[in-house]
Amino acid sequence: MEGDAPTKARQSLFSLSEIAEMESVLEEAGERSLERDFCQDLASKLSSSAIRAGKAAVTWKEVQDWFKSKLRGAQDEIDSKPLAWNLIVDLSDSTFSTPSNESLPNPAGSKVMDLSEVAFEAKSQKDYAWYDVASVLSYRITHSGELEARVRFSGFSKDQDEWINVRTSIRERSIPLEPSECHKIHVGDLTLCFQERSHQAVYCDAHVLAIDRKEHDASSCTCLFLVRYDQDDSEEEVDLSRICSRPLPEKMEPPQVNVKPDALSISARSLWE
């Protein structure tokens, strides 16, 4: 999609919490998730949820198309071999360095994380919104020494594949929150927030400016969060259903990069440093 302007097709059809539920369903049901009756039941369940209040109902075809795309993405990931998810780049007689030309050695005895155990999201260069990564297809090093990955976004076709800067625009997936978890959001936090505009509805980075906390039970959060979107500095008051938290830094692995004569291995931590 290089050179193309963002289109309506790039809008987020499902929220992150809905995607998390659908991924769980897909893992349990497998190919059965493509059956019409199965998709109709799930579409009805999603449409009746509180998150969908005031929004268009989900159709069974939209659910089925999402499952089809997800299953295709899984096959692409298998076809690209574990090499892709372990971020091994074939760089014959090459070494990797930062823009300052510092080499990045692997500390003795350190362990490189298997990326197949981690879910990621990537920022599109077309609309600067974040989307789940279905698979990593290939890698390259730019003239400035930056590592880029060609990714397929979850729920989108190969026509929407993009080259993404690994250091600045790929990170561990943001976390949807339950109503009982609103206390995890604090003033000053970086969050991933669902931004709705007349021309698009996407997930963007936003910082929390203020919180109006209200008493509520564990089934429904009534708190309000004033956020400022990083990409355009616009401010908006949103509820918890539109906010996802970022993984805590202290839970992440330290940066690790293994330099070998014929390959480059980069750990998961280096994706969001």
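Any residue at all in the range 154-161 that's among the hydrophobic types (A, V, I, L, M, F, W, C), assigned to a strand (DSSP E or B), closer than 30 Å to residue 135 by Cβ and under 17 Å from the mean Cα position of the chain (by Cα)?
no
Pick from the range 48-72 the residues that are part of a helix (DSSP H, G or I) and small (Gly, Ala, Ser): which of them is nearest to residue 32 (Cα to Cα)?
That would be 69.
Filter the range 136-162 for residues that are without any contact (Cβ under 8 Å) to a residue 60 or more places away in the chain and polar (S, T, N, Q); which is farthest from residue 66 (Cα to Cα)?
The extreme case among them is 144.
Quick one: which of 17, 33, 44 is modelled with pLDDT of 85 or more, closer than 26 Å to residue 159 by Cα and in a helix (DSSP H, G or I)?
33
Being at pLDDT below 85 and buried (at least 17 other Cβ atoms within 10 Å of the Cβ) is the filter here; which residues of the range 53-75 pass it?
66, 69, 70, 73, listed by residue number.
Within the range 176-196, identify whether any single residue is over 20 Å from residue 18 (Cα atoms), of a type in the set (Phe, Trp, Tyr) and outside the structural domain of residue 22 (by TED's automatic domain parsing), and answer yes or no.
No - not one qualifying residue is present in the range 176-196.
Taking only pairs six or more apart or across chains, which ones have beta-carbon atoms under 6 Å, a first residue in the range 221-236 that is free of Cβ contacts under 8 Å to residues at least 60 places away in the same chain, and a second residue that is in a loop (DSSP other than H, G, I, E, B)?
Cβ pairs passing all conditions: 222/214; 222/216; 223/213; 223/214.
What's the total number of residues in the range 205-239 that are small (Gly, Ala, Ser), modelled with pLDDT of 95 or more and closer than 19 Å to residue 178 by Cβ?
0
Residue-by-condition table, conditions (1) at pLDDT below 85; (2) at positive phi; (3) surrounded by fewer than 19 Cβ atoms within 10 Å (Cβ to Cβ):
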| position | (1), (2), (3) |
| --- | --- |
| 137 | no, no, yes |
| 143 | yes, no, yes |
| 151 | no, no, no |
| 154 | no, no, no |
| 164 | no, no, no |
| 168 | no, no, yes |
| 171 | no, no, no |
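Looking only at the range 201-233, which residues are among the small types (Gly, Ala, Ser) and either in contact with a strand residue (DSSP E or B) (Cβ under 6 Å, 6 or more places away or on another chain) or surrounded by 14 or more Cβ atoms within 10 Å (Cβ to Cβ) (or both)?
Result: 201, 206, 210.
If you go through the range 22-29 one residue at a time, do you hit one that is charged (D, E, K, R) and either modelled with pLDDT under 85 or under 18 Å from residue 133 (Cβ atoms) (or both)?
Within the range 22-29, one or more residues are charged (D, E, K, R) and either modelled with pLDDT under 85 or under 18 Å from residue 133 (Cβ atoms) (or both).
The values are calculated or read from the model by the stated rules, or taken from the named source; none is laboratory data. Small disclaimer: the values here were computed from a predicted structure and weren't measured. Methodologically, a virtual Cβ is constructed for each residue, glycine included, from the backbone with ideal geometry; neighbour enumeration extends over all protein chains shown.
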